[in-house]
1. Looking at the stretch 1-30, which trypsin sites (Lys or Arg not before Pro) are in a loop (DSSP not H, G, I, E or B) and have at most 15 other Cβ atoms within 10 Å?
2. Given a 1.4 Å probe and every protein chain left where it sits, what share in percent of the accessible area of the chain is carbon and sulfur?
3. Which lysines does residue 7 reach when only Cα atoms under 20 Å apart count, and residues fewer than 8 places away in its own chain are ignored?
4. Given Cβ point charges of +1 (Lys, Arg) and -1 (Asp, Glu) and nothing else, what value in debye, to the nearest 20, does the dipole of the chain about its Cα centre take?
5. Could you state the accessible area per residue of the chain in Å², with a 1.4 Å probe and every protein chain left in place?
6. For the chain, find the longest principal axis of its Cα atoms and tell me its angle to the long axis of helix 54-66, 0 to 90°, nearest 10.
7. For the stretch 1-67, what is the relative contact order in percent, using Cα pairs closer than 8 Å and at least 6 residues apart in sequence?
8. Looking at the chain, which longest stretch skips every one of the chymotrypsin sites (Phe, Trp or Tyr not before Pro) that is in a DSSP loop with at most 15 other Cβ atoms within 10 Å, leaving the sites themselves out?
Amino acid sequence: MAFSKAKLFETTTFEQTLWSKSLGHPARIKILDHLLEHGTTPFYELRKLIPLSSTTLSQHLRALRENNLIEVEEICPHTYYTLHNENCKYLASRLKGLNSKFVVINE
């Protein structure tokens, strides 16, 4: 059996792979966009926004939560989701830096 060597890379590079996986579905991008524009949102509102089953939506939210891009708060009877501002700002700055490097290469 082969073992992953991904963790042998520097931390920032390894984190970028996790972010790439967590951003790898349009529903996740839509969730992040919505939370950025509207702030904290309960699950039932996200359910109306995303054309997927509740179970599938929960899986996408879990992926974003596991990579610390969103935070969860349960206030009975609802679950609320919020962007993890610090981590999302850091991700945005890393992506902006990567984008600017690609622009220079293509000029």
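1. On the way: sites: 5, 7, 21, 28, 30; in loops: 5.
Of the trypsin sites (Lys or Arg not before Pro), the ones in loops of the stretch 1-30 whose Cβ has at most 15 other Cβ atoms within 10 Å are 5.
2. Working: 4290 of 7800 Å².
Accessible surface attributable to carbon and sulfur in the chain totals 55 percent.
3. Output for residue 7: 21.
4. Numbers: 13 positive and 11 negative charges, 74 e Å.
Roughly 360 debye, rounded to the nearest 20.
5. That works out to 73 Å² per residue.
6. 50
7. Numbers: 24 pairs, mean separation 23.8, N = 67.
After rounding, I find 35 percent.
8. Values: sites that count: 3, 9.
Result, exposed sites excluded: 10-107.
The values are calculated or read from the model by the stated rules, or taken from the named source; none is laboratory data. None of the values given here were measured: they were computed from a predicted structure. So basically every Cβ, Gly included, is an ideal-geometry build from the backbone, and we count neighbours across all protein chains shown. Heavy atoms of the whole protein, side chains included, go into the accessibility calculation; ligands, DNA and RNA do not. Shrake-Rupley method; radii C 1.70, N 1.55, O 1.52, S 1.80 Å.
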